[in-house]
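Quick notes on the structure that follows.
The values are calculated or read from the model by the stated rules, or taken from the named source; none is laboratory data. Being a predicted model, the structure only gives us computed values, none of them experimental. Methodologically, a virtual Cβ is constructed for each residue, glycine included, from the backbone with ideal geometry; neighbour enumeration extends over all protein chains shown. Just so you know, the surface numbers come from the protein's heavy atoms only, side chains and all, with ligands and any DNA or RNA stripped out. Shrake-Rupley method; radii C 1.70, N 1.55, O 1.52, S 1.80 Å.
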Amino acid sequence: QQKVQQSPESLTVSEGAMASLNCTFSDRSSDNFRWYRQHSGKGLEVLVSIFSDGEKEEGSFTAHLNRASLHVFLHIREPQPSDSALYLCAVSRPNSAGNKLTFGIGTRVLVRP
Amino acid sequence: DTTVKQNPRYKLARVGKPVNLICSQTMNHDTMYWYQKKPNQAPKLLLFYYDKILNREADTFEKFQSSRPNNSFCSLYIGSAGLEYSAMYLCASSPGGARAEQFFGPGTRLTVL
């Protein structure tokens, strides 16, 4: 069964400083990786999706996938206080019925002005 | 419009009473999902509808029911709420395709007393 773990549990960064989040998964056949963000009391907002090794950039968010090492990273460039939120990593396997996502617990990010 | 709506946003229920949560989308997506999220836990898939076919996760099979009267609406039904059902319930919808995004609603926070 797929296991998804995220680190660190929480992260405090200063406004404008790069923030880096880590996600590890257990099933090397996984081919569908997404980073979501949840502001307090809100739904999940997809930030970036990545399907092959390498990098994918969406605005100030860059995902970096290395399937051999079972890692997918999220880098937040020049974060603002409004980027303070819970960041969730989600993974699915090929041909999984309904594209079922397995989520990590998340990393809570606080961006200080 | 990629909006997924959920009603109500907040629900207070008594132990042993039924609960019905509603989700709607107007994007003509063929798949709709329900997730449960508790504090400090990963979002957990409960069930999903692909068109009219309901798929329930094995470990929550008996605890949740769902119906999808038409393409736009999907409900989550708890026959007899217990304290352990207190959580945020997130609905998502997705168009067909192996790499299709899941679009999430704002969630319904259920508190069982």
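Are any of the pairs A:K42/B:K17; A:K3/B:K63; A:K56/B:K63 more than 30 Å apart by Cα-Cα distance, and if so, which? Spell out each step's value before the answer.
Details: A:K42/B:K17 26 Å; A:K3/B:K63 23 Å; A:K56/B:K63 39 Å.
The pairs that break the limit, which is 30 Å between Cα atoms, are A:K56/B:K63.
Here the simple spin-label model places points 7 Å from the Cα toward Cβ, and for B:L12 and B:Q41 these points are separated by 2.3 nm.
Between A and B, buried accessible area from a 1.4 angstrom probe totals roughly 1700 Å², ignoring ligands, DNA and RNA.
Once C-alpha pairs closer than 8 Å and six or more residues apart are averaged by separation and normalised to the residue number of chain B, the relative contact order reads 38 percent. Annotation for A:S60 and B:T111: the two label points, set 7 Å from Cα along the Cα-Cβ direction, are 3.3 nm apart. Peptides A:44-51, B:79-86 ranked from most to least packed by the mean count of surrounding Cβ atoms within 10 Å: A:44-51, B:79-86.
Say the dipole of the stretch B:1-90 comes from +1 at the beta carbon of Lys and Arg and -1 at that of Asp and Glu; which of B:Q65, B:L45, B:L12 then lies farthest toward its positive end? With unit charges placed on the Cβ atoms, the residue in question is B:L12. How large a share of the accessible area of the protein assembly as shown, in percent, is made up of carbon and sulfur atoms when the probe is 1.4 Å and the other protein chains stay in place? Roughly 49 percent of what the probe reaches on the protein assembly as shown is carbon or sulfur.
Around the Cα centre of the protein assembly as shown, unit charges on the Cβ atoms of Lys, Arg, Asp and Glu (plus for the first two, minus for the last two) sum to a dipole of about 780 debye. About its Cα centre, chain A has a charge dipole of approximately 360 debye under the convention of +1 per Lys or Arg Cβ and -1 per Asp or Glu Cβ, with nothing else charged.
Could you calculate the FRET efficiency of A:A68 with A:M18 from 1/(1 + (r/R0)^6), where r is the beta carbon distance between them and R0 is 25 Å, rounded to 0.05? All intermediate terms of the calculation are to be shown ahead of the outcome.
On the way: r = 24 Å, r/R0 = 0.96.
Approximately 0.55, to the nearest 0.05.
Per residue of B:14-26, other chain Cβ atoms within 10 Å of the residue Cβ number 0 on average. For the stretch B:86-102, the Karplus equation 6.51 cos²θ - 1.76 cosθ + 1.60, evaluated at θ = phi - 60°, returns couplings of 4, 4, 8, 10, 10, 9, 9, 9, 8, x, x, x, 5, 10, 5, 6, 9 Hz by residue, with Gly and Pro reported as x. Legend: translational diffusion of chain A by Stokes-Einstein, Rh = Kirkwood radius over C-alpha pairs, 10 °C, 1.306 mPa s; D = 113 µm²/s. Structural descriptor for the stretch B:2-61: relative contact order 24 percent, calculated from alpha carbon pairs under 8 angstrom and at least 6 residues apart.
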